[in-house]
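The values are calculated or read from the model by the stated rules, or taken from the named source; none is laboratory data. Just so you know, these numbers come straight off a predicted model, no measurement behind them. Here the Cβ positions follow ideal geometry from the backbone for every residue, glycine too, while neighbour counts run over all protein chains shown. Calculation scope for accessible area: heavy atoms of the full protein, side chains included, ligands and nucleic acids excluded. Shrake-Rupley method; radii C 1.70, N 1.55, O 1.52, S 1.80 Å.
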Amino acid sequence: MLKSSGISQGDGDKKNKTGFATLIGRPNVGKSTLMNRIIGQKIAITSNKPQTTRNRIQTVLTDERGQIIFVDTPGIHKAKNKLGDYMVNAAEKTINEVDVVLWLVEPATFIGAGEKHIIEKLVRTKSPVILVINKIDTVKREDLLPVIEKYKSVVDFVEIVPISAEKGDNVDLLVELVFKYLPYGPMFYDEDTITDQPMRQIVAELIREKALQVLDEEIPHGIAVVIESMKDRPNGKMTDIEATIICERDSHKGIVIGKNGAMLKKIGTNARYEIEKMLGHQINLNLWVKVKKEWRDSDFLIKNFGYNKKDE
């Protein structure tokens, strides 16, 4: 269980508010962008393709008010394979395990089947739910009121906050409201901790992000990235990384590599820039491509590629 058992507001220790807040929503509503914005650096990968996030990713915000552990979850969607089942289960499980639920939606009045599925989960949770209307920079201000009225009628939200995760509009207000609903208690992490993700996992995800950004629409969902080795050189100024991009079909392997290796080189160049920026020094990145047919329907391979069933 993630939910904290902090000291109640009526007790003596009122120094810090500490707890867990989950970000849920349909694919591509901006959960990872919001989390990266709040933390102030890139932890979760983003792209314009849905179902980018596959794991529950915890990031930690610590300041004078206390500590919020944000749980970024995969987008809730209709699963088509075992990996999809894993992603949806990981997202839905967190709703009842946290102190605050942030439901991200886009600024539209249409409530589709995906939103209705999420509503069914939210009306049963005892956790306070904050509706976060993201991407307000894409609509006129007067168009927001009908959106707010529409969603107010389906769930009893404790707060409704229109934001732009991309531009940062109202993000500070949202963080302040999350603190409002957290219990008092001791902090879970040291103040310099920003994520529970191993560095290898972050590097693998950065490589996958760059692949998502340049590959054809039908291929990205069928790829995974495995870090074979990651070693710092003795001088500490260079890290050697060996990584394998896994795809499901031989035809996809050819596309990932590209003519004369051009596509793989582009993925590697883009990934190298991001990884070096994160690590603060140069890296030597070698990428390979392998085929593991139908890996998204293999429990063994799903676990082997870093998607832990215990997160469901």
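Things worth noting here:
- Top-ranked residue of segment 139-186 - restricted to ones that are of a type in the set (S, T, N, Q) and at pLDDT 95 or above, ranked as surrounded by the most Cβ atoms within 10 Å (Cβ to Cβ): Ser164
- Looking across segment 96-155, the residues that are closer than 20 Å to Lys167 by Cα, in contact (Cβ under 8 Å) with a residue 24 or more places away in the chain and part of a loop (DSSP other than H, G, I, E, B) come down to Glu106, Pro107, Ala108, Asn134, Lys135, Val139.
- Residues located in segment 224-259, provided they are small (Gly, Ala, Ser) and touching a residue at least 12 places away in the same chain (Cβ under 8 Å): Ala224, Ser229, Gly236, Ala243
Residue by residue, here is whether (1) in contact with a Lys or Arg (Cβ under 7 Å, 6 or more places away or on another chain); (2) open to solvent by 10 Å² or more (accessible area, probe 1.4 Å); (3) among the aliphatic types (A, V, I, L, M) holds:
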| site | (1), (2), (3) |
| --- | --- |
| Arg200 | no, yes, no |
| Lys210 | no, yes, no |
| Ser229 | no, yes, no |
| Ile245 | no, no, yes |
| Asp250 | no, yes, no |
| Ile257 | no, yes, yes |
| Lys266 | no, yes, no |
| Tyr273 | no, yes, no |
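- Unmet requirement for Asn308, which otherwise passes all of (1) under 19 Å from Ile227 (Cβ atoms); (2) at pLDDT 90 or above; (3) under 25 Å from the mean Cα position of the chain (by Cα): (2)
- You will find that of Val175, Val203, the residue that is closer than 30 Å to Lys15 by Cβ, in a helix (DSSP H, G or I) and β-branched (Val, Ile, Thr) is Val175 and no other.
- Residues located in segment 238-284, provided they are part of a helix (DSSP H, G or I), within 25 Å of the chain's Cα centre (by Cα) and hydroxyl-bearing (Ser, Thr, Tyr): Thr269, Tyr273
- Per the conditions (1) modelled with pLDDT under 90; (2) in a helix (DSSP H, G or I); (3) exposed (fewer than 13 other Cβ atoms within 10 Å of the Cβ), the sole criterion not satisfied by Asn235 is (2).
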